Amino acid sequence: MDTALPPRPDHGHWKTLYRAAITEKNKSVIPQKVSAAEQALLARGRELFYNGGTREEQESLEDALYALRAFRSAWEHAEAEVTGTAVKSAAA
């Protein structure tokens, strides 16, 4: 009889990806790291929505997602200035 518990999901994985994205120095991988962090944040948000969670973690997720989107926007605008290309607005 196997009494081992199934592996517990790492609910803090989004934090690792978030920190990696906002501290990345290599400009060529920033977009991928930001996207990976956003996906992890959204997945954890869905888990909390359906399974419950602490209000503290929900607020942390919201803050991190807001910060990532601001970081992405600032990075895209800075890159556009360097390359001389226009940035498409998400609201457009």
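The values are calculated or read from the model by the stated rules, or taken from the named source; none is laboratory data. In this text the structure is predicted, and so the values were computed from the model without any measurement. We place every Cβ from the backbone using ideal geometry, glycine too, and count neighbours over all the protein chains shown.
Condition first: surrounded by 12 or more Cβ atoms within 10 Å (Cβ to Cβ), closer than 13 Å to G12 by Cβ and among the polar types (S, T, N, Q). Now tell me which residues in the range 51-69 satisfy that. Within the range 51-69, just S60 meets the criteria.
Table: residues versus (1) at pLDDT 90 or above; (2) surrounded by fewer than 16 Cβ atoms within 10 Å (Cβ to Cβ); (3) of a type in the set (D, E, K, R).
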site	(1), (2), (3)
T3	no, yes, no
H11	no, yes, no
K15	yes, no, yes
A20	yes, yes, no
T23	yes, yes, no
N26	yes, yes, no
P31	yes, yes, no
Q39	yes, yes, no
R46	yes, yes, yes
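Screening the candidates Q39, Q32 for the property of being under 16 Å from S60 (Cα atoms) and in a helix (DSSP H, G or I) yields one hit, Q39. Can you name every residue in the range 50-85 that is farther than 23 Å from T23 by Cβ and either out of contact with any helix residue (DSSP H, G or I) (no Cβ under 9 Å at 6 or more places or on another chain) or outside any helix (DSSP H, G or I) (or both)? Within the range 50-85, Y50, N51, G52, G53, T54, R55, T83, G84, T85 meet the criteria.
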